[in-house]
Structures are given as structure tokens and as C-alpha cells.
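Contents: one structure, followed by commentary.
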Amino acid sequence: MILTITPNPSLDISYVLEDFVLDDINRVRKVGKTAGGKGLNVARVARLLGAEVVATGFLGGRLGEWMVEDLERSGIKPLFAKTDGEVRNCISILHRGKQTEILEEGPCLSRKDEEAFFDLLEGMEEKPSLVTISGSLPAGLDIDFYAKIVHFFNEKEIRVVADTSGTAFAEMVKSDLLPYAIKPNQKELEGFLGRKYDLEELPDLMEKPPFCKIPILLLSLGERGALARREGRWYRITIPTVVPVNPVGSGDATVAGLAYSLERNLETEEGFKTAMACGVLNALEQATGMIDKTKFDDIYRKIVVKEWR
């Protein structure tokens with residue numbers, strides 16, 4: 001079973017318009033509403049791949065109740081710490097190949113909320129075989145919240161796949177107990193390093209702490225594919241050129257594919273191809289955090305993984 005953790009979930013609303021005009025009336029052609037947040041996108045895609053998935057994090061209010069029902073309809077087991085605050089809304093306006101996003105901050109959580117969450121994890125009847133943590137932290141949580149999660153599961157010898165950035169990521173990798181895998185994109189990694197870098201520099205940079213102690217690194221390069229390292233070996237991954245419909249959530253879909261491949265103990269090449277295929281498939285869908293599994297084999301065959309350097 002894969003456990004996905006989303007500290008700051010949202011009700012994701014997508015508006016599809018012919019055009020978007022400021023300071024005027026805009027009539028919506030199509031509306032989509034899903035239980036969202038990066039970790040819930042991971043949960044949906046992992047479930048579509050066939051994994052058993054439990055989703056956790058913090059939920060509150062009537063929107064939170066609707067999201068629980070939405071997850072259950074998708075075959076995902078919800079196991080959330082309840083909060084007093086209402087879930088945030090995140091609105092995506094899709095128009096003429098462009099995307100405008102309006103993101104609420106979400107509720108402010110308390111130390112009591114954090115304690116309740118770890119009590120929830122401790123009390124799980126079925127222990128996960130793998131855990132993913134994704135996204136930003138809501139206000140009120142300690143900045144080392146992700147570090148605490150990694151420590152919690154490392155002590156139970158459960159692997160963690162982490163997809164976060166900024167100060168939460170920096171705090172997480174300060175610890176001696178590190179995630180098993182990370183999936184930054186180039187901009188996020190540059191933010192952590194404090195400078196831009198050439199891809200040829202990457203192997204040398206990643207041989208230094210903390211990265212040298214993390215078994216798997218999957219560096220997303222958008223339409224250029226990815227660079228990856230697994231247990232000291234580097235790989236260059238190329239993906240097919242596609243016309244994206246909605247690329248939002250492709251990174252989350254990639255995390256889902258990586259988590260699925262690790263849980264199933266797939267070989268290195270097969271695992272990275274699975275991860276990247278999910279990212280490409282998400283970009284072909286209107287909904288965020290969604291793949292059409294009937295197209296999986298075709299995209300998978302077009303992905304190339306070669307040893308690099």
C-alpha cells in the first residue's frame with residue numbers, strides 16, 4: 001500500500017474559456033472540480049496504475065467532506081486529520097493554450113493539529129510499504145514538518161519519496177535520516193543550491209552531502225525529459241514530443257509512477273520509464289492528476305533511458 005501525504009490539500013477548480021479578458025465578464029465553457037493538492041494528484045495516478053492507495057494530510061469544513069467523498073469515488077482510502085479551518089480553493093483558468101492560476105493560502109494549523117496527525121500515522125492498522133510527501137506546508141506547521149515525517153518512517157524502515165522545495169526541503173535534507181528518493185525540477189534545485197548550473201555539473205554537485213546519501217534523484221527537465229541517478233549510476237531520459245492539453249500535475253504524476261515502480265520493485269530502466277510515462281500522460285489530459293492508462297504502453301515505448309556520463 002502507498003501512503004500519500006498532502007499537508008495543504010485544495011479543492012481544484014478548472015475553468016476552460018475561449019478567451020480570458022480582465023475587467024470584463026468571462027463565460028466558462030467547461031468546469032472541472034477535484035480533490036486536489038500535489039499529494040492527492042499522486043494518489044489518483046497511483047490508483048489508476050493499480051496500486052492500493054491511502055491518502056492523508058489535513059482536511060476541514062464542508063469542502064473537506066466533499067473531497068473525502070471524491071477520493072472514495074476514485075477508489076482511494078481517505079485518512080485525514082480533521083481541522084477547524086476550511087479547505088482552500090485553487091482555481092485554474094485555461095484559455096488559448098495559456099493558464100492563469102489563483103491559489104488560496106489555506107487554513108492556519110496548530111501544534112495540536114500536528115500532534116493529531118502523527119497520532120493518526122502511529123495508529124494506522126496497515127503499515128504502508130512506501131510513502132510520498134508532496135507540496136507546500138500550510139501556515140502554522142513547523143518548517144521541519146517534512147523532516148519529522150521522514151524521521152518517523154525511516155525509523156520504521158519505510159521508504160519515503162519526497163517532492164517539495166524551498167525551506168521545507170532544506171530542513172528535510174539537513175537531517176541524518178533522509179528520503180529514499182527526491183524529484184526536484186531544475187528551478188527548484190537551483191533555488192536550493194543558490195545558483196544556476198550547467199547539467200554537466202550535476203554529477204559532481206550531487207556527489208556532495210546531502211544528495212550523495214539519497215539513493216534516487218529524478219531531476220525533471222520538462223519537455224526535455226529528465227536526468228536521474230540511482231545508487232551511483234546516472235541516466236539521461238528522453239520523452240516523446242506531445243501537444244500538451246494541461247501540464248499541471250505532470251510532476252505529481254511522475255512521482256506517482258516512481259512510487260508505483262518502487263513498490264513493485266521494478267528494474268531501474270522500467271521504473272524511470274514508468275515514472276516519465278505518467279508525467280507525459282497527465283499533460284495530455286484536461287483534468288489535473290489524471291492519466292489514460294489505455295495510452296500508457298504507446299508512450300512508454302517512446303521513452304528512452306540511457307546511462308549518462
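The values are calculated or read from the model by the stated rules, or taken from the named source; none is laboratory data. Note that the structure is a prediction, hence the values are computed from the model and not measured. Cβ coordinates were reconstructed from backbone atoms using ideal geometry, including for glycine residues, and neighbour counts include every protein chain displayed. These area figures cover heavy atoms from the full protein model, side chains too; ligands, DNA and RNA do not enter into them. Shrake-Rupley method; radii C 1.70, N 1.55, O 1.52, S 1.80 Å.
Go through L71, L94, L79, L17 for me and flag whichever is modelled with pLDDT of 95 or more and under 21 Å from Q286 (Cα atoms).
Numbers: L94 fails: modelled with pLDDT of 95 or more; L79 fails: under 21 Å from Q286 (Cα atoms); L17 fails: modelled with pLDDT of 95 or more.
None of the other options fit; the residue is L71.
Condition first: closer than 20 Å to I291 by Cα, free of Cβ contacts under 8 Å to residues at least 40 places away in the same chain and surrounded by fewer than 19 Cβ atoms within 10 Å (Cβ to Cβ). Now tell me which residues in region 75-104 satisfy that. Once the filter is applied, which keeps residues that are closer than 20 Å to I291 by Cα, free of Cβ contacts under 8 Å to residues at least 40 places away in the same chain and surrounded by fewer than 19 Cβ atoms within 10 Å (Cβ to Cβ), region 75-104 yields G75, K77, G97.
Scanning region 205-259 for residues that are within 21 Å of R195 (Cα to Cα), in a helix (DSSP H, G or I) and open to solvent by less than 40 Å² (accessible area, probe 1.4 Å) yields L205, M206, F211. Would you confirm, using the coordinates I've provided, whether R62 is farther than 18 Å from I102 by Cβ, at pLDDT 90 or above, open to solvent by less than 50 Å² (accessible area, probe 1.4 Å) and among the basic types (K, R)? No.
Here G64, G75, G85 are screened, and the one residue that is assigned to a loop (DSSP other than H, G, I, E, B) and either of a type in the set (D, E, K, R) or within 21 Å of the chain's Cα centre (by Cα) (or both) is G75. Yes or no: V54 in contact with a strand residue (DSSP E or B) (Cβ under 9 Å, 6 or more places away or on another chain) and among the β-branched types (V, I, T)? Criteria met by V54. If the condition is being open to solvent by less than 10 Å² (accessible area, probe 1.4 Å) and either of a type in the set (S, T, N, Q) or outside any helix (DSSP H, G or I) (or both), then region 38-53 contributes N41, A51, V53.
Number of residues in region 130-176 that are touching a residue at least 60 places away in the same chain (Cβ under 8 Å), hydrophobic (A, V, I, L, M, F, W, C) and in contact with an Asp or Glu (Cβ under 9 Å, 6 or more places away or on another chain): the value is 4.
So L266 passes all but one of these: (1) within 18 Å of N41 (Cα to Cα); (2) modelled with pLDDT of 95 or more; (3) out of contact with any strand residue (DSSP E or B) (no Cβ under 6 Å at 6 or more places or on another chain). Which condition number does it fail? L266 satisfies every listed condition except (1). Taking the condition in contact with a helix residue (DSSP H, G or I) (Cβ under 8 Å, 6 or more places away or on another chain), of a type outside the set (F, W, Y) and part of a helix (DSSP H, G or I), does L262 pass? Yes: the conditions hold for L262.
Give me the pairs: first residue in region 105-129 and on the phi > 0 side of the Ramachandran plot, second residue surrounded by 13 or more Cβ atoms within 10 Å (Cβ to Cβ) and β-branched (V, I, T), beta-carbon distance under 9 Å, and six or more apart or on different chains, which are they? As it stands, the answer is G106/V87, since those pairs meet every condition given.
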